[in-house]
Every structure is written in structure tokens, then in C-alpha cells.
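A short worksheet on the structure shown next.
The values are calculated or read from the model by the stated rules, or taken from the named source; none is laboratory data. These numbers come from a predicted model, not from an experiment. Every residue, glycine as well, gets a Cβ built from its backbone with ideal geometry; the counts of neighbours run over all protein chains shown.
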Amino acid sequence: MLVNKQFEDVHGIDSKDVIGKTSFDLFPKEIAENFFSQDEKVLQSGAALQEEMETVFKDGKPAIILTTKFPIIGPDGQVEGVGGINLDRHGSVNLGCHQSSMYRLSRTRLPTCPR
């Protein structure tokens, strides 16, 4: 799992501390199960998805997020992983603009790093 600075700030978790971890190591069981289910849908279908879900921030407050998951396609055309972007549904972001951007990103074939 890789995370960005915003994830670190919102969840109070350092990016170094998520290496080798899963959602089940970082979130309450119900939330982790939702993330896992979304990842499985993307891995099985090879298609992006966008859903609202409940989560909890580091201050313990529940939040509604818009989560966008998309397949990461390898050089052989097969799904190698899942990328995800989460937006606070009630935050101050321009959600319409972000939804449009996430949709375009989810339709883009991303390069993978050489192994």
C-alpha cells in the first residue's frame, strides 16, 4: 500500500508505517471490508468504480467519502493492482470537478514501474 501526504494528515498515519499493511491493519473491520470489496470488484472486472462510503478520520469523527478505484494495467494488458482516490464528500473541494478528473484518470492506462 502506498499513501500520500493528505492520507497521512487525515488518518494520522505515516507513509512509512503502511508498507506491507492492508486496509485491515489500518481501519476498523467494517471500513476495511468495504475497501477490500471495492478492490476485489475492480480486480475482477478490470473497470473503475466510484462509490460513497463511511470512514473514520484520526479525530474519531465519521465521514462520508467519495472513493474512486481504478485498475492499474501492466505492460501485458492485465490488471496488476488497484489505485484509489478518496475525497471527503462534505469537504470544501469542488466535487464535480474532481469527479470529472477521476473519471478521466480511471480511463487512462497508467505505466507501471519496471520490476
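Some points to look at:
- Qualifying residue in region 41-64 (condition: surrounded by 15 or more Cβ atoms within 10 Å (Cβ to Cβ), among the small types (Gly, Ala, Ser), at pLDDT 90 or above and over 18 Å from GLN6 (Cβ atoms)): yes
- Region 3-29, subset within 15 Å of LEU87 (Cβ to Cβ) and in contact with a Phe, Trp or Tyr (Cβ under 7 Å, 6 or more places away or on another chain), residue surrounded by the most Cβ atoms within 10 Å (Cβ to Cβ): VAL10
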